[in-house]
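A short write-up of the structure that comes next.
The values are calculated or read from the model by the stated rules, or taken from the named source; none is laboratory data. Fair warning: this is a prediction, and the values are worked out from it, not measured in the lab. Please note: Cβ atoms are built from the backbone with ideal geometry, for glycine as well, and neighbour counts cover all protein chains shown. Ligands, DNA and RNA are excluded from the accessible area calculation, which covers all protein heavy atoms including side chains. Shrake-Rupley method; radii C 1.70, N 1.55, O 1.52, S 1.80 Å.
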Amino acid sequence: MILENITLNFMSDGDLYQSYMPFIKNGGLFIRTTEHYELATDVNLLVTLPDSLEPSKIKGKVSWITPIGAQNGTPAGIGVSFVEDPDNVRSQIDKSIGHLLSSSEPTLSM
């Protein structure tokens, strides 16, 4: 089975904060997309964090879908929970944006 690759380049901690889903057990990211995905689809994320030169590969699973035209003007996209995170991207994200996680600033997922 060939997994779809989704490339994500985060330019700033603010961008990363908008997409990060710390409430998912192993971490996850919200990805803006108008592509059609089914729930529970396995995907490969190629994630480049703001201070990284190389992307890290994370195996993930589509855990929710925000359809086009969702209420509250939420952008269309998918929530991908981390299944295999060999480079420990979740802990890199927590370090990078930990100071933002207690912010009341809304994110794309909550």
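Semi-axes of the chain's equivalent ellipsoid from the Cα gyration tensor, sqrt of 5 times each eigenvalue, largest first, rounded to whole Å? Display every interim value, and only then the final one.
On the way: eigenvalues 78, 68, 28 Å².
Values for the chain, descending: 20, 18, 12 Å.
Sum -39500 (n - 2.57) across every DSSP H segment of at least 4 residues in the chain, then divide by the residue count to get the 222 nm mean residue ellipticity, nearest 500.
Numbers: 2 runs with 16 residues, N = 110.
Theoretical 222 nm ellipticity from helices: -4000 deg cm²/dmol.
Where in segment 8-28 does the amide nitrogen come within less than 19 Å of the point 7 Å from the Cα of Trp64, taken along Cα to Cβ?
Residues 16-28 qualify, since their backbone N sits under 19 Å from the label point.
Quick one: which residues, 5+ away or cross-chain, put their amide H under 5 Å from the amide H of Thr66? H built at 1.01 Å from N.
Hits under the 5 Å cutoff: Gly77, Ile78, Gly79.
Sorted by mean Cβ packing within 10 Å, highest first, what order do the peptides 62-73, 44-55 take?
Values: 62-73: 12.3, 44-55: 15.8.
Ranked by mean Cβ neighbours within 10 Å, highest first: 44-55, 62-73.
Full-extension gain between Leu46 and Leu101, please, as 0.36 nm times their residue separation minus the C-alpha to C-alpha distance. Before the final figure, lay out each step's value.
Details: separation 55, 0.36 × 55 = 19.80 nm, distance 2.26 nm.
Value of the extension gain: 17.5 nm.
Taking 8 Å as the Cα distance limit and 6 or more residues as the minimum spacing, I'd like the relative contact order of the chain as a percentage.
On the way: 203 pairs, mean separation 32.7, N = 110.
RCO, the chain: 30 percent.
With a cut-off of 15 Å, note down the residues of segment 14-46 whose backbone N falls inside the zone around a label point 7 Å from the Cα of Ala76 toward its beta carbon.
31-38
Using a 1.4 angstrom probe and counting only protein chains, how large is the accessible area of Ser109 in Å², to 10?
Here the residue's solvent-accessible area equals roughly 20 Å².
When DSSP assigns beta bridges and you keep just the ones with both residues in the chain, what percent turn out antiparallel, to the nearest 5? Spell out each step's value before the answer.
Details: 19 of 25 bridges.
Of the beta bridges lying entirely in the chain, close to 75 percent run antiparallel.
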